[in-house]
Amino acid sequence: MSNPADSLKRRAVELGFQFSGVAPAVTPEGMHRLVDWLDKGYAGQMSYIAERQNAYADPNLVLDGVRSVLMLGMHYSGYESIPETSPGQGRIARYANGTVDYHDLIHSRLKSLHVFHDDLLPAESSRGIVDTAPLLEREFAQLSGIGWIGKNTMLISKEQGSYFFLAALLSTADLQADNPQTTDHCGTCTACLDACPTDAFPEPFVLNANRCISYLTIEHRDEISGDLRTGMGDWLFGCDICQEVCPWNRHGDYCEEPDLQSSHELANLELYQLFNLDDDAFRNRFRKTPLWRPKRRGILRNAAIVLGNQAHRESIPALCKGLSDIEPLVRRACAWAIGKINSPDSILILETALGVESNETVLIELQKSIHELLKQTADSND
């Protein structure tokens, strides 16, 4: 019989995974870093991580009797050029630019690999996961030799860069493990740390999610504080800055999956039209894409912040519509955004909204924006 690990790797390539490695199913060395990260409050509102902390420490709680972890990598459209953002457009992280949610695509491939595994090793069992179980994927990928965890906390490979998804097939079989990645090739480079517009890295190899644009635009469910709104720039969903500046991403393999290749409609999404979508229309358009995760209220909050950062008067009609949105979160973001746009109508629009608004947090935002605009007017007249 051929080496089962090699057979699984060959089948993984046939299914569209570009690279792979096998690691033993042990408690990851980086588990203490996760505990410290949680203790410092760097997880933000992602309480599910702490709730499943024990499972992260013991892969047996993900698959009973697990002995091996086959880590798998699949490229997304990281190296294709993205058009410059124009006024009224918002950027979306490269991994989400495809026409499907990567979870759905990779899940189907993992299901096929799971069937192949169980046919190959009928006495064993397996489980495929992609962001769906408490597994420290980057730690196991490093242990399997795929790459190292960089200063931006992304998994980086000398050959592959970092524009790829990670998935895993857990197995109760004792598969032949690959040599772990033991060398960090970041060296003295601090490009990712220096480029972050919100200072999300308190130190190398540590990310404070509370300040991370990707976390804020996707996972954070509440208001985004004022100092972080400006740092978001034109990012509507996610962020690629710490990857775009990484020297190891100057080269790498291109995405081979048509459904994961960049859709320019999503790469720079038109924002004005988003304010015309009710819940049903938003669901119909984005349900099968990663943009569904923040839901309508989160995306419209982000869209308003992007428009405020761009500060173009053409945004006023869309933001006015947002001022009457059913969601206070959206109304508050629109109030802030209009306050950033130097238009003759801005103060009147905000004062009109102030007269009908009942939510306290939105009222406060309206008052702040009016005050800032009046101050700007007074300063310009001096």
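Bear in mind these aren't lab numbers, they're just calculated from the coordinates by the rules spelled out. Computed from a predicted model, the values in this text were never measured in an experiment. Cβ sites come from the backbone with ideal geometry, for glycine too, and all protein chains shown count toward neighbours.
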Across the chain, where is the longest run that never hits trypsin sites (Lys or Arg not before Pro) in a DSSP loop with at most 13 other C-beta atoms within 10 Å? 41-157
In nm, to one decimal, how far is the modelled label at TYR272 from the one at ARG293, with both set 7 Å along Cα→Cβ? 3.0
Scattering curve values for segment 267-324, log₁₀ I(q)/I(0), Debye with Cα scatterers, q = 0.18, 0.31 Å⁻¹: -0.59, -1.44
On a 0 to 90 degree scale, rounded to 10, what angle separates helix 328-339 from the longest Cα axis of the chain? 60
dims of segment 271-382, Cα set, principal axes, largest to smallest, nearest Å -> 53, 28, 18
Please give the FRET efficiency for GLU351 paired with TYR254, using the beta carbon to beta carbon distance and R0 = 51 Å, rounded to the nearest 0.05. 0.45
Using label points projected 7 Å from each Cα along Cα→Cβ, tell me how many nm separate ASP36 and ASP6, to one decimal. 4.1
Going down the table (LYS321/LYS368; LYS40/LYS151; LYS321/LYS375; LYS295/LYS321), which pairs top 21 Å between alpha carbons? LYS321/LYS375
Would you please classify the overall shape of segment 1-151 from the alpha carbon gyration tensor, given that a ≥ b ≥ c denote the square roots of the eigenvalues, rounded means a/c under 1.5, and beyond that prolate means a/b larger than b/c while oblate covers the rest? oblate
Chymotrypsin sites (Phe, Trp or Tyr not before Pro) within segment 220-260: which are DSSP loop residues with at most 10 other Cβ atoms inside 10 Å? none
Using Cα-Cα distances under 8 Å and only pairs 6 or more residues apart, what relative contact order does segment 271-382 have, in percent? 22
Label-point separation in nm, GLN376 to ARG313, each point 7 Å along Cα→Cβ: 1.2
Expected unfolding gain across SER343-GLU14 under the 0.36 nm per residue rule, minus the alpha-carbon gap, is 112.8 nm
Using alpha-carbon coordinates, inclination of helix 360-381 to the longest axis of the chain, degrees: 60
What does the charge count near SER2 come to, summing +1 for each Lys or Arg and -1 for each Asp or Glu among other residues with Cβ under 13 Å from its Cβ? +2
Can you give the Rg to Rh ratio of segment 102-177, both from alpha-carbon atoms, with Rh computed by the Kirkwood formula? 0.99
Mean projected area in nm² (Cα convex hull; one quarter of hull surface) for segment 153-274: 11.0
So what's the back-of-envelope 222 nm ellipticity for the chain, counting only DSSP H runs of four-plus at -39500 (n - 2.57) apiece and dividing by all residues, rounded to 500? -12000 deg cm²/dmol
What are the ³J(HN,Hα) values, in whole Hz, obtained from phi via the Karplus relation 6.51 cos²θ - 1.76 cosθ + 1.60 with θ = phi - 60°, for each residue of segment 229-234 in sequence order, with x given for Gly and Pro? 4, 4, x, 5, x, 10
Calculated FRET efficiency, GLN367 and ALA191, Cβ-Cβ r, R0 51 Å, to nearest 0.05? 0.80
Length added when fully stretched, VAL100-ASP64, from 0.36 nm per residue minus Cα-Cα: 9.8 nm
Paramagnetic label zone (point 7 Å from Cα along Cα-to-C-beta, GLU219; backbone N under 17 Å) in segment 164-184: 166
